[in-house]
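The values are calculated or read from the model by the stated rules, or taken from the named source; none is laboratory data. Quick caveat: nothing in here was measured; it's all calculated off a predicted structure. Glycine gets a Cβ as well: all are built from the backbone with ideal geometry, and neighbour counts include every protein chain shown.
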DNA sequence: TGCTAAGCGAGACGGTACGTCCCGTCTTAAT
DNA sequence: ATTAAGACGGGACGTACCGTCTCGCTTAGCA
């Protein structure tokens, strides 16, 4: 098994033997970020990272058991914190929070997340680490805002918070990733507005029509399942 | 330059030279799909594809100038058609259409799309091909539905169709990709409902509050820009 | 089977079909010699020959059934004739004849003969062609001289002409090929002198000694077998 | 630069890194000899050698920087030693020594030496290695014999040892290579006899004649240069 | 303070897959 | 009917990089 405890927790036992060089820890992470920025995930050769960090591959493998672990650790340095404001204005906060979200995504090359996630998908431990490092942090702020808005009574209290969070978050992710349409302040505001106010002219009428078409049983289940 | 026209249009010039073996075309695509299914995108070795197809690497490179072209061609075979119904019931059609969307995504290993898109991102020609082969087709059906619903008067006529399409489509993509939450009939229906009916208890009030907070000028611009 | 009748014999039947371009015949041979001189035998790519000759590989294969045939034909152009003089002076003629021999070898890159012969060795037909084109011609002149000298009574009449011819010819070949020692007028003269006059101080004594050592029977057989 | 020191001298510096597997050294050389025997030099595919040796191409390239180096190393295993006797009988020793020479050549496919030498010719380092591995060893024994015979007074003391060595050695090489005439005990003995006793009926007379023909100056130079 | 051994740095290893060159052959259109 | 020409199916090339193994040196903690 691997130790993988570069800058974190307490020693597992009395620390014996030569201690790990912190300089190498940092140099490798920095070099990894540099190579990622230049060559993307697919072009990331650990040999090149080692060369730039002035060290060797085994020193890297001793610290991170796989390329994925290394990249996760390196990228996590870029997504530290960012606490969005809590002004009490639901609309303002949501817009602001989503812009933080957008900024977080744009701090990472778009062609890094895809392959990294793909390679993490098979190993549960890695997938968990991925979610904890790169997925959850920028979502957390928005999630908190939604919760507060519900508590405040600004949003419907039958709200599926996760679903709404995903509808807003996924939009950002989607547009950044595929690049088929812009995503900026204006788009974020429009999306928030659409979702909050609804896009149907007369939703109850649409629902009634739907019930006629599909039969009461199924239409009913939709609303009691939720 | 590369010809890359195995299963499509007419010969561009008078056909000279030995014709390409259609058997190899098919065997390679089939083998590529098999290897993709077994090993994912990162594990797709052209040497292995060639071996399974009973041919050699040069024969593959003659047909598709890069691994990306090959994978695009192979995956496109899996996303042929699928025309969703047009019942006149906006709610039903949207739910049905999004389920087609979900199905399309699930026909492809989730760890294939990410790396493939990443590697296509740098070459405009490839990116265009990616969008045309794998991105647009499943969206098209939903886009048509939205347009019809607007025409029918079921949706607000100031609707940003692309934005709404992305909010629904991205949700599917996001959940399939990250796997942090399920996406099925129930979730689709709930998302459609939320978006159509709105999630705010009193949107006009929220908007008024927001205007107070940020000043009339900016809040105004949000609604005239759209 | 192959036709292989580029610039030689009469048509085998009434000449039907499009006639072969004599220009290509010549251009290919010339290009082949040029490439041979530049790149040696191993570096001779028929594609390059075709390119330089302004034609294509099939046109070459139509004329010569293999690379070996082509090279044989090309090199044969360089070893046409050269008739050495017949002055009646055995010593002079031999020296002169061997110098012709040396010159013949030096008209061809030394790293061509070896591989060519090796590749001809397996096919009897090719080996015969090789011997007839590149081996026999320069030897023939020396062989004739030896025969005349024997007839003239200048050489022992129990002479094994082939053996002597080989002893002189092989020397040239050997030194040119391996390059470990020079081969020019002086060396040729010294070799001829050694062979003609003998290198033993007292050959009969050596022979007598040998007979004592090995027993009469075997020593005898050596001289009656001949 | 390349190390290329599998079965020889001591490590040049403190040995760092994983040591090379001696098993692979041996397996590759053995496989190379087998493939050479079956397919000749031109048919020697390193991929096939690697396959038979149960290893891969990079492992071969790590040991021998080129196909030529590998073949030289492999063939050198076949020409180890062979010390011919020193009986004091010049005739017997020469015959015996030349037979060793013949045997040495016949331990190697005749279509290997030519191409190998050709490909070694351009790189001085390789040519030197070729001469040291495959050319010199079998000659050395004969050279020593000639030197002893001269010392013993059995051969003329104005003898050009190298020339005589080449005249005998080249004969063997020539006949083995071209295969136009046999080379065995009888031929060797006859060649030795011819060279030792001379083939002219009356050499002084021939020399006098030659001097008349070509002028004293040049004829003189031939005999004083020596 | 000196000894001992865990852990480190470094470098080379065995191996997979790459993308390319060139081979010799096949097929079509032109002569 | 046979050429000229282009593309094809394929074998092998030499290389980049992978993840691992082995070494000698460093450095703490124990004696």
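One residue stands out in the stretch C:99-151 among those that are within 13 Å of chain D (Cβ to nearest Cβ) and not in a helix (DSSP H, G or I): the one that is surrounded by the most Cβ atoms within 10 Å (Cβ to Cβ), namely C:108. Report yes if residue A:26 is under 20 Å from the mean Cα position of the chain (by Cα) and either away from DNA strand F (no atom under 13 Å from the Cβ) or modelled with pLDDT under 85 (or both), otherwise no. When the stated conditions are applied, residue A:26 does not pass them. Filter the stretch C:70-97 for residues that are in contact with a helix residue (DSSP H, G or I) (Cβ under 7 Å, 6 or more places away or on another chain) and over 30 Å from residue D:206 (Cβ atoms); which is modelled with the lowest pLDDT? Step by step, filter the stretch C:70-97, then rank; the result is C:77.
The residue list A:38, A:47 contains one member that is more than 30 Å from residue A:156 (Cα to Cα) and touching a helix residue (DSSP H, G or I) at 6+ places or on another chain (Cβ under 8 Å), which is A:47. If the condition is being more than 7 Å from chain B (Cβ to nearest Cβ) and either in contact (Cβ under 8 Å) with a residue 60 or more places away in the chain or under 30 Å from residue B:135 (Cα atoms) (or both), then the stretch A:181-216 contributes A:182, A:183, A:184, A:185, A:188, A:192, A:193. Across the stretch C:152-161, which residue is farthest from residue D:174 (Cα to Cα) among those that are without any contact (Cβ under 8 Å) to a residue 12 or more places away in the chain and facing chain D (nearest Cβ under 7 Å)? By that ranking, first place goes to C:153.
Would you please name the residue that is nearest to the other protein chains (Cβ to nearest Cβ), looking only at residues in the stretch A:170-180 that are surrounded by fewer than 22 Cβ atoms within 10 Å (Cβ to Cβ) and in contact (Cβ under 8 Å) with a residue 40 or more places away in the chain? Once the filter is applied, the top-ranked residue is A:179. Note on the stretch A:18-96: enclosed helices (runs of 4 or more DSSP H) holding 1 or more residues that are within 14 Å of chain B (Cβ to nearest Cβ) and away from DNA strand E (no atom under 13 Å from the Cβ) are A:22-39, A:67-76.
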